[in-house]
C-alpha cells in the first residue's frame, strides 16, 4: 500500500529527525537545542514540533528507535547462534556496549519517562530462549532466570564511566559476571518475591529499563 505523499514525507522527516537527535544527544549533550536537531535533519523547527510535540516526545521516539534498531537485533542474533553460550555471552556484551555508548539518551529517557518496559520485555524474552538452550546444553547454571540477565546488564553498565572511554572496566566486570553464570554445584539464593528479584519476563524488563537508565 502506497502512502499519500504528505504522509510519506512526514515519515521521512520523522526518521531524519530521530537519527539526528540520537547523534546530537551524544555529540552535543542532553541540553542540545531542538533548533540544532532540526538543522541537522534539514527541517524547520516548526516541523519538528509538529511531528513530536517537543523535547519529551522526541526523546521517547529516539530511545524507542535506538532500542529496536540496535539492541533487539542482538537477541535475534543470539537465537541464531550455533552455540547457545557464545550467542548469550556475545549478546550481553554487545548490549552493554550499545547502552554505554548512548548514556546521554538513556538518562534523558529516564527523566522523561520514555523507557518502555514493553520494548525491553520483547528483547529479554528472546534472550530467555537462548538462556534456556544454554541450560539444556549444560553451559549455564540451571538456577538462572531471565531476570538475572537483566541484572548482569545493569551491573556491568554501572561500571562504565567517563574516565574509561575504551570500556576496559565494563568489559572486565562483565567477564567476571559471565564467569559466575557458568555451572556450579552450589545453588544461588532464591530471588525476592517482590522488587528487583521477582520472576521473569515483564519484571526483568522493568529491572533493565530502570537500572540501565538510572545507573
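The values are calculated or read from the model by the stated rules, or taken from the named source; none is laboratory data. No experiment lies behind these values; they were computed from the predicted model shown. Virtual Cβ from ideal backbone geometry, glycine too; neighbours counted across all protein chains shown.
Quick one: would you say residue 148 is in a loop (DSSP other than H, G, I, E, B), closer than 25 Å to residue 82 by Cα and either in the same structural domain as residue 82 (by TED's automatic domain parsing) or touching a strand residue (DSSP E or B) at 6+ places or on another chain (Cβ under 8 Å) (or both)? Spelling it out, it is not the case that residue 148 is in a loop (DSSP other than H, G, I, E, B), closer than 25 Å to residue 82 by Cα and either in the same structural domain as residue 82 (by TED's automatic domain parsing) or touching a strand residue (DSSP E or B) at 6+ places or on another chain (Cβ under 8 Å) (or both).
Those residues that are without any contact (Cβ under 8 Å) to a residue 40 or more places away in the chain and within 19 Å of the chain's Cα centre (by Cα), I need them from region 28-58; list them, please.
So in region 28-58, the residues without any contact (Cβ under 8 Å) to a residue 40 or more places away in the chain come out as 28, 31-50, 52-54, 57.
57, the sole residue that qualifies.
When we screen 127, 176 for residues that are surrounded by 20 or more Cβ atoms within 10 Å (Cβ to Cβ), without any contact (Cβ under 8 Å) to a residue 60 or more places away in the chain and in the same structural domain as residue 72 (by TED's automatic domain parsing), the only hit is 127.
Applying a threshold of 6 Å to beta carbon distances and a minimum spacing of six or more residues, or different chains, the list of pairs starting in region 179-198 at a residue that is in the same structural domain as residue 149 (by TED's automatic domain parsing) and ending at one that is assigned to a loop (DSSP other than H, G, I, E, B) and at pLDDT below 90 reads 197/191.
Against the test of being modelled with pLDDT under 95 and in a helix (DSSP H, G or I), the options 133, 120, 114 yield a single qualifying residue, 120. Of all residues in region 172-191, those satisfying the criterion of being touching a helix residue (DSSP H, G or I) at 6+ places or on another chain (Cβ under 8 Å) and part of a helix (DSSP H, G or I) are 173, 174, 177, 178. Residue count for region 31-55 satisfying the condition of being exposed (fewer than 14 other Cβ atoms within 10 Å of the Cβ) and either in contact with a helix residue (DSSP H, G or I) (Cβ under 7 Å, 6 or more places away or on another chain) or assigned to a helix (DSSP H, G or I) (or both): 5.
Which one is surrounded by the fewest Cβ atoms within 10 Å (Cβ to Cβ), of the residues in region 97-124 that are within 15 Å of residue 77 (Cα to Cα) and touching a residue at least 40 places away in the same chain (Cβ under 8 Å)?
Of region 97-124, the ones within 15 Å of residue 77 (Cα to Cα) are 98, 122-124.
Of the ones still in play, those that are also touching a residue at least 40 places away in the same chain (Cβ under 8 Å) are 122-124.
Values: 122: 16, 123: 25, 124: 25.
Only one residue fits best here, namely 122.
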